[in-house]
Amino acid sequence: MNLPLRLGSRGPDVARVQSILGETADGIFGEITLAGVRTWQRARGLQPDGVVGPATWERMQGASTPSSSQTNGGVVPNFSAALIAKGFPRCVDPAAWATAFTAAVGRFPAFNRTGWACILAKANTEAGGLTRWDENLFYTTVEQVTRMHGSRAGLHPEKFLRNPRALGDQVYAKWGGYDGRGLGVIQLTGLPNHTAFASDMGMSLGEARGYMQTIPGAAMTAPWYLQHYKAVDAANRGDMRAVLAVVAGKTVAGMDGIWASIHGDQQMADFERFKALLVGVRGKLICV
């Protein structure tokens, strides 16, 4: 390891750092890697200078295997490509997602395996089984537009057909327009959420929006959202209905009216499926 590594550095050592951060390991220390290093340093009480020197690298080496961690009464998962492929059969790059979710475990260590089962179940619905992680606003019928966006589509929803940007500017007018559309595996929506995510990641708003449209950034959105909105305990005890309520901005009692539209039964079934993959039967840990 030829230290220090900083903005502009290139080579296999940079790629190793990027892998630990859960980024695409292209070996180029650019702005995204700089922001990732700063966030990583800040979370561990290090000087957030964005430079990988001896102290930062030593901590990275010790933190690069989060599968051995113990948190909230449950061992956190170390995601493998095989597990991602089994859980998300439509996913075309399980290895990249396994790296990204493992990095997210390191960034958000408060979630146990049950909590991660909640996260993955939610991601399965919102990211189409890890096939898309920015909100699809391309519609071909008025019925699709009104079913998804209701009165927010205005009196003439037909003018938004096949025009995602115009539709986004209309339905998210109060939350940043098209640029405020859902991004990431939990479809992080609106300027306030995007700004808060950017702040916590140590990025500018533009950097964060770009990051959420990458696999590493998309994987960070779901645990960030649940932690930001204080739903860690609900997730870790397996209260999937409470998790769904937090994401929907509802109370648990208020979920009945939207249950069918959010595919609630399917999300509950997905939670049980991912819990079986991560925790196993009768609490026996099977994800290693």
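The values are calculated or read from the model by the stated rules, or taken from the named source; none is laboratory data. Predicted model only: the values in this text are computed from it and were never measured. Here Cβ is always computed from backbone atoms with ideal geometry, including for glycine, and neighbour counts include all displayed protein chains. Note: accessible area is taken over every heavy atom of the protein model, side chains too, but ligands, DNA and RNA are not part of it. Shrake-Rupley method; radii C 1.70, N 1.55, O 1.52, S 1.80 Å.
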- Message: Going 7 Å from the Cα of residue 95 along its beta-carbon direction, which residues of region 1-36 have the amide nitrogen within less than 12 Å of the resulting point?
- Response: 25
- Task: For the chain, report the accessible area per residue in Å² (1.4 Å probe, heavy atoms, rounded to an integer).
- Result: 46 Å²
- Task: State the answer as a single residue: which of 222, 145, 191 lies farthest towards the positive end of the charge dipole of the chain, with beta carbon charges of +1 for Lys and Arg and -1 for Asp and Glu, about the Cα centre.
- Result: 222
- Message: Can you tell me which of 157, 94, 77 moves the most in a GNM of the chain? Springs connect C-alpha atoms under 10 Å apart.
- Response: 157
- Taking Rh as the Kirkwood radius, which is the inverse of the mean 1/r over Cα pairs, what is the Rg/Rh value for region 11-50? 0.97
- Give the accessible area for residue 272 in Å² (nearest 10); use a 1.4 Å probe, count only protein heavy atoms, and leave out ligands, DNA and RNA. 110 Å²
- From the backbone phi of region 173-186, what are the Karplus-calculated ³J(HN,Hα) couplings (6.51 cos²θ - 1.76 cosθ + 1.60, θ = phi - 60°) in whole Hz, Gly and Pro given as x? 4, 7, 10, x, x, 4, 5, x, 4, x, 10, x, 6, 10
- Message: Is there a quick way to get the dipole size of region 1-145? I mean about its Cα centre, with the Cβ of Lys and Arg at +1 and of Asp and Glu at -1; what is the value in debye to the nearest 20?
- Response: 420 debye
- Item | Nearest-10 value in Å² for the accessible area of residue 279, using the 1.4 Å probe | 20 Å²
- Item | Carbon and sulfur %, accessible surface of the chain computed with the full protein complex present, 1.4 Å | 53 percent
- Query: GNM on the chain, C-alpha springs below 10 Å: top fluctuator among 50, 177, 254?
  - Reply: 254
- Query: Angle, helix 191-201 long axis vs. longest principal axis of the chain, Cα atoms, 0 to 90°, nearest 10?
  - Reply: 10 degrees
- Message: Which one, 38, 241, 165, has the greatest fluctuation when you compute a Gaussian network model over the chain with C-alpha springs under 10 angstrom?
- Response: 165
- Query: Relative contact order, percent, of the chain when contacts are C-alpha pairs under 8 Å separated by at least 6 residues?
  - Reply: 18 percent
- Message: Output the 0 to 90 degree angle, nearest 10, between the alpha-carbon long axis of helix 215-228 and the longest principal axis computed from the alpha carbons of the chain.
- Response: 80 degrees
- Query: Stokes-Einstein D for the chain at 20 °C, 1.002 mPa s, Kirkwood Rh over Cα pairs, in µm²/s?
  - Reply: 109 µm²/s
- Bin all alpha-carbon pair distances of region 101-154 at 10 Å intervals from 0 and give each bin's fraction as a whole percent. 20, 34, 25, 19, 3
- Query: So, in nm, how far is label residue 31 from label residue 255 when the simple model puts each one 7 Å beyond its Cα toward the Cβ?
  - Reply: 3.9 nm
